[in-house]
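Here is the structure we will look at.
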Amino acid sequence: MGPVLFLSLCVPLALAALMAGCPASSGPSVAPTPSGGGLKEIAFTSDRDGNPEIYSMSADGSGPLRLTNAAQDDTLARWSPDGSKIVFASSRGGNYDVFVMNADGTGQTNLTNHYSSDYYADWSPDGTKFAFTTDRLPPDLIHPSEIYLMDVDGSDPVSLTNEFGSNETVGSWSPDGSKIVYSYNAVGAVQYQIYTINADGTSPTNLTNHPSDNGYPCWSPDGTKIAFASNRDGNVEIYVMNADGSGQTNLTNHPSPDDYCAWSPDGTKIVFETLRDGNSEIYVMDADGTDPVNITNNPAADVRPDWR
């Protein structure tokens, strides 16, 4: 696949590869310790201070603030439904675990604390559970990752997909909490497809069914559409489709890779990462793909945005 899509879909350790070669920069108004994230709207990962950390910024890119300050990688931030907390993945324990912190970066807590890697966590709409990706399956299996659910305090982890040999990666919950959209790579398959599954693990359904790679799906706030990334037109672009998989449409149509997106809370805009400026930047565009604007403008790598 292209240089961005699926680079860290299976294991976020590859985030270092994504950021390699991008010069570090202190950036404007970046706090050296967790501070002041409570009023910011977009969380993202950046290596502007030397290694991948979680930051927050306003929707126009102003006032970036560093929320984590670990020697290891912190990435894949997702806001809680009420905006008071952020779940993220961190390798500070030697492998990736799911952590949670307050919106200002305080109270960072390891929820999974497991010898296997746990990452790509997303909150249920009612804020009571996480869906997350894990490689807790036996290590001799091909593509040993699946989707688990757990309570928000990290208790009661249970397998949702429970399909040995395939690779399933969490995208997001539907706004009504009834389904989860995710990326799926079947045993022996080359491409990823986008599936939905009921929150009880029943009725997995292929939405994309296309001979290309499709990943990083995210549900629109009103539940009617799903945005995702695909390389079906020769390079990675942001697409949108109806929630049943119909009407798959290229939104970005740019020669550089555009990847990993999230909706604004009102559904009018989409934030995404892109290489169109020669390094990884975060852009915001209207939900129909028009008016893309670079909101990070930093020589470092800025990736993995989430909007609350």
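Highest-first packing order for the peptide set 46-55, 201-210, 108-117 is 46-55, 108-117, 201-210, based on the mean count of other beta carbon atoms within 10 Å.
Computed from label points 7 Å out along Cα-Cβ, the spacing between N198 and V158 is 1.4 nm. Note on the stretch 60-74 and the stretch 209-280: Cα centroid distance 24 Å, given to the nearest whole angstrom.
Under 5 Å between amide hydrogens, built in the peptide plane, is the criterion, and for T208 it picks out I194 among residues at least 5 positions away or on other chains.
Charging the Cβ of each Asp and Glu at -1 and of each Lys and Arg at +1, and nothing else, the dipole of the stretch 12-307 about its Cα centre rounds to 240 debye.
Residues E237, E163, E281, ranked from the fewest to the most other C-beta atoms within 10 Å, line up as E163, E281, E237.
Note on D222 and N253: their simple-model spin labels are 2.2 nm apart, each label 7 Å out from Cα toward Cβ.
Our estimate of slack between T290 and D244, defined as 0.36 nm per intervening residue step minus the Cα-Cα distance, is 14.2 nm.
I need the calculated FRET efficiency for the pair S62 and D151, taking r as the beta carbon distance and R₀ as 45 Å, to the nearest 0.05.
In this case the efficiency is close to 0.80.
All of the numbers you see were taken from the coordinates with simple rules; none came from a lab. Just so we're clear, the structure is a prediction, and the values are computed from it rather than from any experiment. When we count neighbours, we look across all protein chains shown, and the Cβ atoms used for this are built from the backbone with ideal geometry, even at glycine.
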